[in-house]
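The values are calculated or read from the model by the stated rules, or taken from the named source; none is laboratory data. The model shown is predicted, which means the values in this text are computed figures rather than measured ones. All Cβ positions, glycine included, derive from the backbone under ideal geometry; neighbour counts span all protein chains shown.
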There are 4 protein chains.
Amino acid sequence: MAQEIPKTTKQWKVTGTSGFDDLKLSEVPLPELGDAQVLVKMRAASLNLQYRDLIIPKGQYGFAFSPGVVAGSDGAGEVIAVGKHVKRFKKGDKVVTLFNQGHLGGDIDRAAAATGLGGAIDGVLRTVGAFDENGLVPLPEGLSFLEGATLPCAAVTAWNALYGLKRLTPGQWVLTQGTGGVSIFGVQFAKAAGARVIATTSSADKAKLLEKLGADHIINYKENPNWGSKVREITNGAGVDHVIEVAGPTSMAQSLKSIKMEGVISIIGFVGGTQDPNQPGFLENLLRMCTTRGLLVGSRSQMEEMCRAIEANLDKLRPVIDSKVFKFEDLKEAYEYQWSGKHQGKVCIEIS
Amino acid sequence: MAQEIPKTTKQWKVTGTSGFDDLKLSEVPLPELGDAQVLVKMRAASLNLQYRDLIIPKGQYGFAFSPGVVAGSDGAGEVIAVGKHVKRFKKGDKVVTLFNQGHLGGDIDRAAAATGLGGAIDGVLRTVGAFDENGLVPLPEGLSFLEGATLPCAAVTAWNALYGLKRLTPGQWVLTQGTGGVSIFGVQFAKAAGARVIATTSSADKAKLLEKLGADHIINYKENPNWGSKVREITNGAGVDHVIEVAGPTSMAQSLKSIKMEGVISIIGFVGGTQDPNQPGFLENLLRMCTTRGLLVGSRSQMEEMCRAIEANLDKLRPVIDSKVFKFEDLKEAYEYQWSGKHQGKVCIEIS
Amino acid sequence: MAQEIPKTTKQWKVTGTSGFDDLKLSEVPLPELGDAQVLVKMRAASLNLQYRDLIIPKGQYGFAFSPGVVAGSDGAGEVIAVGKHVKRFKKGDKVVTLFNQGHLGGDIDRAAAATGLGGAIDGVLRTVGAFDENGLVPLPEGLSFLEGATLPCAAVTAWNALYGLKRLTPGQWVLTQGTGGVSIFGVQFAKAAGARVIATTSSADKAKLLEKLGADHIINYKENPNWGSKVREITNGAGVDHVIEVAGPTSMAQSLKSIKMEGVISIIGFVGGTQDPNQPGFLENLLRMCTTRGLLVGSRSQMEEMCRAIEANLDKLRPVIDSKVFKFEDLKEAYEYQWSGKHQGKVCIEIS
Amino acid sequence: MAQEIPKTTKQWKVTGTSGFDDLKLSEVPLPELGDAQVLVKMRAASLNLQYRDLIIPKGQYGFAFSPGVVAGSDGAGEVIAVGKHVKRFKKGDKVVTLFNQGHLGGDIDRAAAATGLGGAIDGVLRTVGAFDENGLVPLPEGLSFLEGATLPCAAVTAWNALYGLKRLTPGQWVLTQGTGGVSIFGVQFAKAAGARVIATTSSADKAKLLEKLGADHIINYKENPNWGSKVREITNGAGVDHVIEVAGPTSMAQSLKSIKMEGVISIIGFVGGTQDPNQPGFLENLLRMCTTRGLLVGSRSQMEEMCRAIEANLDKLRPVIDSKVFKFEDLKEAYEYQWSGKHQGKVCIEIS
């Protein structure tokens, strides 16, 4: 099916930092395609945890941010043209975006950390966009564009947590918190890899989702505020090999109680806030003989490795998408919905 | 249930190297238990591939072998007494033997390679035996003694192949050959870890077993003598990440065709013989940009890691035992049966 | 030279927790040697950082401690007899002790962490002692007993910091703090491995020692309280790959400023105290994209790896021993001297 | 110093495969610079082992080769212009070429293996050339252009051998063969990393060079055709951890005798020929419990890691260049000289 190359693109720009009203939709001419660029007709996007897409328009984002940037880091689409030096893709290929466009492999560095899509570099919330050929990966076979659009941030982050420092092994224990995007992918990746999962949540409804995904044990953290002890009990006193920590100071003390000696707590976010006078300090690393690691999504080679895992385990690793899918024009409503916390699974946008 | 400590043990010794008739059953007094030893009432044993238990009595074994040694490397049983310095076990514990008694962790070395059970050190084919406390691991929860007895050689070897050099990752491809012990465990471990499996076999009957275990593709190597090309095709030209090579010169050329760049061919055995004027040489490592590795079972820490994987995935990792289980007294018949190649799954001995 | 086996041993026991006066010297009969034990005529011992040997008699030790235990974790000596099942050593061998007697390889676990010599298990400050054969390693060739006695705690800890999680590579940057035992070994190991070292100190005198050991940059942290910025400057803004953190809350903020993205801060001790209301929290892991790891000495296989490194690099890795060496009888004075902080290099005891 | 951008480039093309006379020098107009390209004024190049540059013009090269390609894979130069999307370099930067232009990180794959400079893609033997910004790395500080030009093939290959599969650790043993480019870098990297080196050679003259580079033991393989036994002896029977095998069938049997259990033989080349009816087969992997790996240079991230090691150890890692340096116009003589085998160190070309 021949795709005509459009002359213009509609795009959502972040024009200020006072709130979602600073997201502005406009239509602009498409610039000439660079030699090493790939022109993508965007088909779908997904939104991220509070600390990313939601806070960029709210002005709280700590990473590189170019004012006027096109919003959105997570998207999927179809290649409609390629620059003359492009080797990795051809017209008709289906692609997903790489979060940090410059993080191709190995450890992240400051240069790569400054290439976040929708932050430093124009993102995915547009009808057509040109991306560096190195900043895209093939859509995993068997996934729809909507499903592919959930991967760049949440899934790669979960994968990096489980494989980036100490590689998850079948039989190990993984602890996840809640049902945010990273946590859900964390449960799915762990189960597909033959690991065991303990998941915390505060809602019976979300517990059902976690159970369906295969979580071996589910702890209601409101009913068990001292859930770290419960985790010890479940693991015969040893603790878990991996914690995917998303809440920060509010849960860190329990995560530290939960972790095994030489286990890894991957610190993903601080949705529970960043300030807490009682939050535990680094002495705990020594007392628990454990490792804590902050991480920022992951590299293209990690994403490719993850995509192979998804393709091979589609029955277990199909992305969970909230039942409410938004239209491109209704982006602000989508952000409000994500902000409300009512969603279960990724909040997605159908672009075309 | 109080176990009385017997005064004697019945044991099968390897008294010569001319064939199975050199296996002699005798009853001898139990020596005094050492400070660091654990006395185990043996409950079950399993036999190994031709190149191990079968060739020790046939005199073809290349590794350390002490004449008059008690036969058998793979056993499971119950602790009925412990020496006064023993810390790892207590009376009543259920245990499985470690193949190379001195290989506790890390790379194998010459000292550890000279501690094979049933070769250099008295083995498991006895009613009661004393083992060094370091040479045992707990029976995985949920396994019977018979099932546990299948693990020390075949399962640990398969685990070492998949995790000993380059760790298997979900989504990778694993190639296995036939339905010997190592190959079956290879299929099971790979599937439990979210990998994909291509298995070769020559029989429709065995193909059914492989399918049941989850193999994604099964190739009849008699019908497809050039099966390496088929493997390339299935993997879109890339090749597989891991080959578990058990046959040697007869299949090595096809394994080399099957392997991905930087993939690992784990060389387990040469059941297809050791001499072949046309067998490929090491130049192939360079032409294929691949790695080949010979391996000798695995360490205690690998076995413990594997046991955790088994406990967490009992539905997928339950050892496959041949329908014919032999009595302790009928050991020679068991060896003849294993030698015949008619079995499917491990050939096991019920000791008590 | 034939060693006669003594009938008694003189030993320093920790009889209470109120201070160095609770160290008591006594002479007791030698118990019968176990089958798996090695009898060692102790020749030398070394003392550790404040947080270990010094605080056991002061009652502040957080790890496993058996009242009445023979003191001292770090010793070297000569084998004068072996139990009948001992395989690793023979009479005449020179040996060094393993800190956690049960930590043979792999990750430390709770069982292994409860086997500290001179804490949970009788230690090295005695004239003759029996040790489990697994709790000793050969004295590196070319080292004296005094030099060997410095290795079990400080050297293995430094090695674990540099090789236990992310392996040090030639060309990487390592930051060390002060001239305590772990820090000095840290400088030496890093330089012998082709890495670059930035060392902090507060004294011109100690700076000379660090320079002699090959430190590439030395920062006086009193003159540069904001030394993290200086480290950034030296490393062209990238930060260092490894920090060996010994001081805790007082220096952690600067260590965090110094660390590279994905770099590792190994948290060894809190000689700077454990309480500080302003100490940084785990949010810093996320903001710096770094890893922090608490560690407790290291395993026997790490120690063996380290000993090979020492043997191959004796010119660079000869242990630094304080000029004042104490007699066995003067143990309390040795502890007082170590406590005073006046030493440069390890404080050692000549036992025989 | 302002560099004017030339209108033309002089270049050596490989026009056929019958010998060095198929190298043709011509002057052609420079094409327009691509958006993602970097224009480099070439300053120096180096030639490779027989099996690369020498055999391309002789028609024996097994890897991807485009007829009419500009020759040469190893070069260094100065950036004189950058395309408008280039981010990694700016005018004035000094750069070195990446051998496989598409091998940025991780395992090599078939796509990356088809991007060899001077084989599939226009190479370095030209006065000015445009390269993809991803196919260059900064010249290590402290190296001249000539020295930098020695790195892309030989040095990266040696680094990959020592760090690509099992990472070299201080105290390990490395065996190198002869004084070709890879072997010399192998000695240098091993010594800078605190390892021990056994080097073979057949000439007293070359032995002197090896000694100067720090080799701990030098074996004359002509005088000791059974040198594997000698290696065993030197290593107290254990064998070496790494062999860098360059000769192939002629030396492989001795390399196998030399290797430690679980050691790695990196198979770099077959300068000793590829056919030998008596060459050992893969059964040896099993008998020696060792790993053999074929490798093809290395990735950009390995090269960057290596460059940091060089910068930090310039005293030990300065590239060895043959005393005879050739002019750009005299390329054929340079090839003849390399072919003669009389050189010691890399044969280099001064381009401008």
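Across the stretch B:9-23, what is the number of residues that are assigned to a strand (DSSP E or B) and out of contact with any Phe, Trp or Tyr (no Cβ under 7 Å at 6 or more places or on another chain)?
So the answer is 6.
Restricting attention to the stretch A:151-176 and to residues that are hydroxyl-bearing (Ser, Thr, Tyr) and more than 8 Å from chain B (Cβ to nearest Cβ), the residue that is farthest from A:Val95 (Cα to Cα) turns out to be A:Thr176.
I need the full set of residues from the stretch B:140-150 which are within 23 Å of B:Lys87 (Cα to Cα) and in a helix (DSSP H, G or I), in order please. Scanning the stretch B:140-150 gives B:Phe145, B:Gly148.
Can you find a residue that is of a type in the set (D, E, K, R), at the interface with another protein chain (Cβ under 8 Å from one of its Cβ atoms) and either over 30 Å from A:Ser251 (Cβ atoms) or surrounded by fewer than 24 Cβ atoms within 10 Å (Cβ to Cβ) (or both) anywhere in the stretch C:293-304?
Going through the stretch C:293-304, the residues of a type in the set (D, E, K, R) turn out to be C:293, C:300, C:304.
Still in the running and at the interface with another protein chain (Cβ under 8 Å from one of its Cβ atoms): C:293.
In the following step, the residues that additionally are either over 30 Å from A:Ser251 (Cβ atoms) or surrounded by fewer than 24 Cβ atoms within 10 Å (Cβ to Cβ) (or both) were identified as none.
Looking through the stretch C:293-304, none of the residues is of a type in the set (D, E, K, R), at the interface with another protein chain (Cβ under 8 Å from one of its Cβ atoms) and either over 30 Å from A:Ser251 (Cβ atoms) or surrounded by fewer than 24 Cβ atoms within 10 Å (Cβ to Cβ) (or both).
Check D:Pro6 against each of (1) outside any loop (DSSP other than H, G, I, E, B); (2) surrounded by fewer than 22 Cβ atoms within 10 Å (Cβ to Cβ); (3) in contact (Cβ under 8 Å) with a residue 24 or more places away in the chain and name the one condition it does not meet. Tallying (1) outside any loop (DSSP other than H, G, I, E, B); (2) surrounded by fewer than 22 Cβ atoms within 10 Å (Cβ to Cβ); (3) in contact (Cβ under 8 Å) with a residue 24 or more places away in the chain, D:Pro6 fails exactly one: (1). Inspection of the stretch C:71-85 identifies at least one residue that is part of a loop (DSSP other than H, G, I, E, B), modelled with pLDDT of 90 or more, surrounded by fewer than 19 Cβ atoms within 10 Å (Cβ to Cβ) and within 12 Å of chain B (Cβ to nearest Cβ).
Of all residues in the stretch C:89-115, which are more than 14 Å from chain B (Cβ to nearest Cβ) and either buried (at least 22 other Cβ atoms within 10 Å of the Cβ) or acidic (Asp, Glu) (or both)?
C:Asp93, C:Val95, C:Val96, C:Thr97, C:Phe99
Among the residues of the stretch C:325-347, none qualifies, meaning not one is within 14 Å of another protein chain (Cβ to nearest Cβ), surrounded by fewer than 20 Cβ atoms within 10 Å (Cβ to Cβ) and of a type outside the set (Gly, Ala, Ser). Note on the stretch B:140-169: among residues that are of a type in the set (S, T, N, Q) and surrounded by 22 or more Cβ atoms within 10 Å (Cβ to Cβ), the one that is farthest from the chain's Cα centre (by Cα) is B:Asn160.
Out of C:Glu311, C:Glu329, one residue alone is assigned by TED's automatic domain parsing to the domain that holds C:Ala111, part of a helix (DSSP H, G or I) and touching a Gly at 6+ places or on another chain (Cβ under 7 Å). It is C:Glu311. Within the stretch C:189-203, being at pLDDT 95 or above and either in the same structural domain as C:Pro140 (by TED's automatic domain parsing) or over 20 Å from C:Gly298 (Cα atoms) (or both) holds for C:Lys191, C:Gly194, C:Ala195, C:Arg196, C:Val197, C:Ile198, C:Ala199, C:Thr200, C:Thr201.
Only one entry in D:Ser299, D:Ser258 is within 26 Å of B:Asp276 (Cβ to Cβ), of a type in the set (Ser, Thr, Tyr) and in contact with a Leu (Cβ under 9 Å, 6 or more places away or on another chain), namely D:Ser258. From the list B:Gly180, B:Gly186, the one residue that fits, being within 20 Å of the chain's Cα centre (by Cα), at pLDDT below 95 and away from every other protein chain (no Cβ under 12 Å), is B:Gly180. So is C:Glu262 within 11 Å of chain A (Cβ to nearest Cβ), surrounded by fewer than 24 Cβ atoms within 10 Å (Cβ to Cβ) and among the acidic types (Asp, Glu) or not? When the stated conditions are applied, C:Glu262 passes them. None of D:Asn236, D:Asn278 is surrounded by fewer than 21 Cβ atoms within 10 Å (Cβ to Cβ), more than 7 Å from chain B (Cβ to nearest Cβ) and closer than 25 Å to B:Gly105 by Cβ except D:Asn236.
Could you tell me whether the stretch B:263-278 includes any residue that is in contact with a Pro (Cβ under 7 Å, 6 or more places away or on another chain) and on the phi > 0 side of the Ramachandran plot? Scanning the stretch B:263-278 turns up at least one residue that is in contact with a Pro (Cβ under 7 Å, 6 or more places away or on another chain) and on the phi > 0 side of the Ramachandran plot.
Does B:Asn285 count as free of Cβ contacts under 8 Å to residues at least 12 places away in the same chain and at positive phi? In short, no. Mind checking whether some residue in the stretch D:194-208 is in contact (Cβ under 8 Å) with a residue 60 or more places away in the chain, crowded, with 24+ Cβ neighbours inside 10 Å, under 29 Å from C:Ala190 (Cα atoms) and at the interface with another protein chain (Cβ under 10 Å from one of its Cβ atoms)? Scanning the stretch D:194-208 turns up no residue that is in contact (Cβ under 8 Å) with a residue 60 or more places away in the chain, crowded, with 24+ Cβ neighbours inside 10 Å, under 29 Å from C:Ala190 (Cα atoms) and at the interface with another protein chain (Cβ under 10 Å from one of its Cβ atoms). Counting the residues of the stretch A:338-352 that are assigned to a helix (DSSP H, G or I) and either touching an Asp or Glu at 6+ places or on another chain (Cβ under 8 Å) or of a type in the set (S, T, N, Q) (or both) gives 2.
The single condition from (1) aliphatic (A, V, I, L, M); (2) buried (at least 24 other Cβ atoms within 10 Å of the Cβ); (3) not in a loop (DSSP other than H, G, I, E, B) that A:Val137 fails is (2).
Number of residues in the stretch A:314-326 that are without any contact (Cβ under 8 Å) to a residue 40 or more places away in the chain, outside any helix (DSSP H, G or I) and of a type outside the set (Ser, Thr, Tyr) equals 3.
Does A:Ala247 count as surrounded by fewer than 24 Cβ atoms within 10 Å (Cβ to Cβ), more than 14 Å from chain B (Cβ to nearest Cβ) and within 18 Å of the chain's Cα centre (by Cα)? Before the answer, list the steps.
Details: surrounded by fewer than 24 Cβ atoms within 10 Å (Cβ to Cβ): yes; more than 14 Å from chain B (Cβ to nearest Cβ): yes; within 18 Å of the chain's Cα centre (by Cα): yes.
Yes; evaluated as a whole, the condition is true for this residue.
Could you grab me the full set of residues in the stretch D:312-324 that are surrounded by 17 or more Cβ atoms within 10 Å (Cβ to Cβ) and within 14 Å of another protein chain (Cβ to nearest Cβ)? If the condition is that a residue be surrounded by 17 or more Cβ atoms within 10 Å (Cβ to Cβ) and within 14 Å of another protein chain (Cβ to nearest Cβ), then D:Ala312, D:Asn313, D:Lys316, D:Leu317 are the ones that fit.
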